[in-house]
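Quick notes on the structure that follows.
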Amino acid sequence: WDFNTLYEKPFVHHSGRYFLFVPPLVRTALFKTFWFDLQADANYRETFKAAQGRWLEREVAERLRQGFGPTAVILNPKKANTNRDELADVVVVYDRNILIVQCKSKSLRHDSRTGADFEALLSDVRKAVVDAFDQGLSARDYLSASEEPVFFFQGGEARIPRELVTGVYLLTVTPVPLQFLTTRLVNNDNVRDLFSGDEFPWALSLPDLDTLTDVLRTPARFLHYARQR
């Protein structure tokens, strides 16, 4: 978990010259430097988080459309209740299957990334993965609460007879890979209560989802992978 110095300062200045030892780290260094600077700016942080959240939802929907087609993927559907609360960030309805996707743009803070603050790490994982998983469970409960659940989306509404649904899958997508943390933390007795019940999240980073949708090019292959996962 060490945040190597090269990640923050890949250029070495010596005797009037600049040296670059690991060229691929330039992109990472630029991204992370701006990320930590933005997180430190209290006046802009919330604006940045909202913009990144909307961007992530659009990117996830676009990648899922590559495999399931444009009509099967619904962005920001709403529940059929008084407040029209959001059902999920992205929902895929294909054949007899429903994929509920929650996107969280939360990333690790500097102390979490370096392992300097374990409580900060737990807090970041909760906000990035656990909260998203709980929202996914809530969406699944909503779809299971009636014989024909209804949700609204831009351009219309969808009614899904519950008896026709054979599979519901929950997926959490984050900008950076956090799935290795969730599996390790679950095996830690001190934080065994991180996830309620016997269910654990299927968490992916956006680059991982990009790879999956590129390799698993048909809905059948993607859903088969989801079942095995």
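Determine, yes or no, whether residue 58 is in contact with a strand residue (DSSP E or B) (Cβ under 8 Å, 6 or more places away or on another chain), within 30 Å of residue 148 (Cβ to Cβ), open to solvent by 50 Å² or more (accessible area, probe 1.4 Å) and outside any loop (DSSP other than H, G, I, E, B). Criteria met by residue 58. For region 75-116, give me each residue that is under 15 Å from residue 156 (Cβ atoms) and within 16 Å of the chain's Cα centre (by Cα). Once the filter is applied, which keeps residues that are under 15 Å from residue 156 (Cβ atoms) and within 16 Å of the chain's Cα centre (by Cα), region 75-116 yields 75, 76, 87, 91.
Residues in region 196-225 that are modelled with pLDDT of 75 or more and polar (S, T, N, Q) were compared, and the one that is most open to solvent (accessible area, probe 1.4 Å) is 211. Scanning region 61-79 for residues that are more than 20 Å from residue 132 (Cα to Cα) and open to solvent by less than 70 Å² (accessible area, probe 1.4 Å) turns up 67, 68, 69, 72.
Does region 182-195 contain at least one residue that is open to solvent by less than 50 Å² (accessible area, probe 1.4 Å), closer than 18 Å to residue 102 by Cβ and either modelled with pLDDT of 85 or more or of a type in the set (Lys, Arg) (or both)? No, region 182-195 contains no residue that is open to solvent by less than 50 Å² (accessible area, probe 1.4 Å), closer than 18 Å to residue 102 by Cβ and either modelled with pLDDT of 85 or more or of a type in the set (Lys, Arg) (or both).
Yes or no, residue by residue, for (1) within 18 Å of residue 172 (Cα to Cα); (2) at pLDDT 85 or above:
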{"site": "6", "(1), (2)": "no, no"}
{"site": "27", "(1), (2)": "no, no"}
{"site": "30", "(1), (2)": "no, no"}
{"site": "39", "(1), (2)": "no, no"}
{"site": "44", "(1), (2)": "no, yes"}
{"site": "60", "(1), (2)": "yes, yes"}
{"site": "87", "(1), (2)": "yes, yes"}
{"site": "101", "(1), (2)": "yes, yes"}
{"site": "109", "(1), (2)": "no, no"}
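When residues in region 20-58 are screened for being over 24 Å from residue 209 (Cα atoms) and of a type in the set (S, T, N, Q), 4 of them pass.
Criterion first (in contact with a Lys or Arg (Cβ under 6 Å, 6 or more places away or on another chain) and open to solvent by 20 Å² or more (accessible area, probe 1.4 Å)) does residue 49 satisfy it? Judged against the criteria, residue 49 is not a match. The condition of being in contact (Cβ under 8 Å) with a residue 40 or more places away in the chain and of a type in the set (Lys, Arg) holds for only one of 127, 104, that being 104.
The values are calculated or read from the model by the stated rules, or taken from the named source; none is laboratory data. Predicted model only: the values in this text are computed from it and were never measured. All Cβ positions, glycine included, derive from the backbone under ideal geometry; neighbour counts span all protein chains shown. Just so you know, the surface numbers come from the protein's heavy atoms only, side chains and all, with ligands and any DNA or RNA stripped out. Shrake-Rupley method; radii C 1.70, N 1.55, O 1.52, S 1.80 Å.
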